[in-house]
Amino acid sequence: MKLFRLIICLSICCSVFTSVSAQKNFSKEADNAFNNEAFFSAIDAYKKADTKAKPAEKARINFQIGECYRNMVEPEQAETYYSKAIKLHYDKADPIVFLRMAQVMKQQADYKAAKTNYEKFLSLKPGDKVGEDGLASCKKAISWLASPTKHIVQNEIQLNTDSYDYAPAWGDKKHKVLMFSSSRPGSTGDGVDLRTGESFMDIWTTTRDNKGKWDEPKILPETINTVDNEGGAILNKKGNVLYFTRCPVEKKENIGCDIFYSEVQGKSWKQAIKIALKPEGADSLSCGHPTLDKAGKYMIFASDLPGGQGGKDLWMTEYNKRDKAWGKPTNLGPTVNTAGDEIFPHLTEEGELYFSSTGHLGMGGLDIFKAEQTGDKKWSNVENLRYPINSAEHDFGIIFEKGSNNTRGYFTSSRASGKGKDDLYSFNLPETKFILEVYVKDKKTQAPIPGVEITLIGSDGSQIVKTTDEEGKFIFDDNGSSRFIKKETSYNLETTKNEFLAAKSKFSTVGEENSKKYIEEVFMQPASKDVVIDFPEVQYAYDKSDLLVDDRINSKDSLDFLYQTLTENPSIVIELQAHTDCRGSDAYNKKLSQKRAEACVTYLVSKGIPSDRMVPVGYGEATPRAAGLECTTIEGMATKAEKEAAHQKNRRTQFRVLSFDYKPAAGQ
């Protein structure tokens, strides 16, 4: 098992190939460098070996150069050499070249080319899970690009260099100090790492001022940083112990990484001490990227310890207070780990586990995933964070801002938009904001109505009462500590004011993923004593007071509108008016209209409206609907049809509000 890439310390396993060429031992030298993960040196040696190699060896050499560039996270260069290997028929020796080509094409977001190469690989290795998952992930990635999450991702330009800058971690309790690893100039050692051709990695810190600006990064002392590679740090909750990864470098030897810890000493740190997590004699194995639960009782880390699911896995060790030592690591199991690599774990205070993986379905290289805590020290239901948190390249090392509910934080990415090889990125998930603007107007005049009481009742049990301003409006936006209008909630809105009938409306945020402004224009019916109000037409049997119900009209339905009005306005008392046309005697029409008004009241009483809220009054022919509908005027109309239409307008049932202060009798 080899380091996936130096800067992240842990990694994908690489196949060990047998050297078959020995011109000046360049091939052997290159293979030794490759197996010791000195990829930068290996490339130079392979290129020298290539000049005199025979075709079969030349194919293998070009594949190996591609592997070096892939491990150094240079997919474009890797593609070039995999292509050369394929032209030299390296796929005849090992079809893995198609898999590798697919992987680096996916890292360049060329999902069509990646899909083609996955299919070629699977035609030679049918049923291979890595190939099948890779093919499936191409479809997922295309879908995620088309429907991104609402996260805003931004390169932290002031912190990044053209070197590796990665693995952010908080350096204090208040989250004002940020630690990260970097190969920028100024490292503790002055050597060049043969894996990358750059300086060795060290841990740096930067402090944020009150305006949110980060200051010039400073390197941690030599009790932490050495001539070797350091990175992947985590500070315990008390802020007095720092855990981090150190990867020693020995010439021509593969020494794996280990987790170290250092305790606070004044304003500095004590000499770091290694935590024993590997089996006896397993120096070539790696342990790194520690994260702690909030109580500091257990640590999750990445390792290629024996007994895992394959590649690098996430493991857990618990602290024994009595022995003052970390216990034997246990594997988190197949609900989290895969045959690929799971690295850079991060535990939130709520117990959710975030990590990066090449084994779960992703967009390219490493993707960031979240696993739900499903029991005591158990996690499952792994979920990809999707684009734009994840990209076609490597994304890893996520952390979150204090008190942000995991909506803001930092992570690392090698995406093309970066400043260097790996960069630090910030992200935030803007709050989905719902705003409700209510405009209340007079139904008759369209004028705004001030002083209207608006009651907003949510399906979540919330109730808010506000009053319209002089312009007849109120805007439900932010109430100071939270928002008035919540996600996934249905609302009933009611407006009330004396001398107006209540009005109601509904709206819902259920299923709404984007911020939205709702505008409710509410028209309230004036209801002072001198205002007579129409409602849907009520008709009666000819020359009778029976409510007419037939295929053409259902007068009971019309009265149900009035029933709804009385229900929505429980404090009003009304006069229910019935009017006839002027045919027949005045006395007869008055008597008939009275019976009709009473019939309406009787129906409404049967529906549950108290009788003392309604006063039936028959007006007969005494009150035409409007000027021009008097009997003498109607008689002068030219046609029978015009006369009948005028009489029909006068035959009507209406109501007016007598008072707004009805109170039911005791026991009612």
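Can you pick out the pairs among K544/K595; K444/K663; K274/K328 whose Cα atoms lie more than 18 Å from each other?
Values: K544/K595 8 Å; K444/K663 28 Å; K274/K328 15 Å.
Long pairs (Cα-Cα over 18 Å): K444/K663.
May I ask for the angle, rounded to the nearest 10°, between helix 26-35 and the longest principal axis of the chain, with both axes built from Cα atoms and the value confined to 0 to 90°?
50 degrees
To the nearest 20 debye, what is the magnitude of the charge dipole of the chain about its Cα centre, counting +1 on the Cβ of each Lys and Arg and -1 on the Cβ of each Asp and Glu?
Numbers: 91 positive and 94 negative charges, 155 e Å.
About 740 debye.
Which of the aspartates and glutamates could a cross-linker span from K297 if the Cα-Cα distance has to be under 15 Å and same-chain partners fewer than 8 positions apart are dropped?
Cα-Cα hits under 15 Å: E318, D323, E349, E350, D376.
Only one of the values (i) 1.26; (ii) 1.18; (iii) 1.08 was calculated from this structure for Rg/Rh (Cα atoms, Kirkwood Rh); name its label.
Among (i) 1.26; (ii) 1.18; (iii) 1.08, the one derived from this structure is (i).
Quickly work out the S659-to-H151 label distance, labels modelled 7 Å from Cα along the C-beta direction, and quote it in nm with one decimal.
Here the modelled spin labels are 6.5 nm apart.
Tell me, what is the percent relative contact order of the range 152-428, built from C-alpha pairs under 8 Å that lie six or more residues apart? The partial results should precede the final answer.
Numbers: 734 pairs, mean separation 46.2, N = 277.
Relative contact order for the range 152-428 comes out at 17 percent.
Contact order normalised by length for the range 6-146, with contacts defined as Cα pairs under 8 Å and 6 or more residues apart; what percent is it?
Working: 166 pairs, mean separation 19.2, N = 141.
Over the range 6-146, the number comes to 14 percent.
³J(HN,Hα) across the range 294-302 via Karplus (A = 6.51, B = -1.76, C = 1.60, θ = phi - 60°), whole Hz, x for Gly/Pro?
Ordered by residue, 3J(HN,Hα) equals 5, 8, x, 7, 9, 10, 10, 8, 9 Hz.
Relative to the longest principal Cα axis of the chain, at what angle does helix 39-50 sit, 0 to 90 degrees, rounded to 10?
Here the helix axis deviates by roughly 60 degrees.
In square nanometres, what is one fourth of the surface area of the convex hull spanned by the alpha carbons of the range 434-524? Show your work: numbers first, answer last.
Details: hull surface 23.2 nm².
Answer in nm², one decimal: 5.8.
Distance from a point 7 Å along Cα→Cβ of D560 to each backbone N in the range 574-616: keep the residues under 13 Å and list them by number.
Hits in the range 574-616 for D560 at 13 Å: 607.
Straight-line reach from K649: which lysines fall under 16 Å, measuring Cα to Cα and dropping same-chain residues less than 8 apart?
K640
Once you place label points 7 Å from the Cα toward the Cβ at E350 and A276, how far apart are they in nm?
4.0 nm
By how many nm would the segment from I142 to I435 grow when fully extended, if each residue of separation counts as 0.36 nm and the alpha-carbon distance is taken off?
Numbers: separation 293, 0.36 × 293 = 105.48 nm, distance 3.29 nm.
Once the chain is fully extended between I142 and I435, it gains 102.2 nm.
Before anything else, pin down the relative contact order of the chain: Cα pairs under 8 Å, at least 6 apart, normalised by residue count, whole percent.
On the way: 1520 pairs, mean separation 56.8, N = 668.
Relative contact order here is 8 percent.
Separation between the D546 and T455 pseudo-spin-labels, each 7 Å from Cα along Cα→Cβ, expressed in nm?
Output for this residue pair reads 4.1 nm.
Please report the equivalent ellipsoid semi-axes of the range 146-275, computed as sqrt(5 x eigenvalue) of the Cα gyration tensor, largest first, in whole Å. Please list the in-between numbers first.
Working: eigenvalues 124, 83, 42 Å².
Values for the range 146-275, descending: 25, 20, 15 Å.
Dipole magnitude of the range 6-146 about its Cα centre, charges +1 at Lys/Arg Cβ and -1 at Asp/Glu Cβ only, in debye to the nearest 20? Provide the component values of the computation, followed by the final result.
Numbers: 21 positive and 17 negative charges, 78 e Å.
With only Lys, Arg, Asp and Glu charged at Cβ, the dipole is about 380 debye.
Name all residues of the range 513-541 having a backbone nitrogen under 15 Å from the label point set 7 Å from the Cα of R583 along its Cα→Cβ direction, giving them as ranges.
Inside the label zone: 540-541.
From the backbone phi of the range 364-379, what are the Karplus-calculated ³J(HN,Hα) couplings (6.51 cos²θ - 1.76 cosθ + 1.60, θ = phi - 60°) in whole Hz, Gly and Pro given as x?
Those phi angles translate into x, x, 6, 10, 8, 10, 10, 10, 7, 6, 10, x, 5, 6, 10, 9 Hz.
For each pair in K106/K377; K54/K92; K106/K140; K150/K294, compute the distance between the two Cα atoms and list the pairs where it is over 23 Å.
Details: K106/K377 34 Å; K54/K92 16 Å; K106/K140 12 Å; K150/K294 29 Å.
Check vs 23 Å cut-off fails for K106/K377; K150/K294.
Within straight cross-link reach of K270, meaning Cα distance under 15 Å, which aspartates and glutamates are found once same-chain residues fewer than 8 apart are removed?
E222
Please compute the Kirkwood hydrodynamic radius over the range 6-146, one decimal place, Å, based on all pairs of different Cα atoms. Could the numbers behind the result be given before it?
Working: mean 1/r = 0.0647 Å⁻¹.
Averaging 1/r across every pair of different Cα atoms and inverting gives 15.4 Å.
Every number here is computed from the coordinates shown, using simple stated rules; none is lab data. Since the structure is predicted, the reported quantities are computational estimates derived from the model, not experimental observations. Counting neighbours? That spans all protein chains shown, and the Cβs are built from the backbone with ideal geometry, glycine included.
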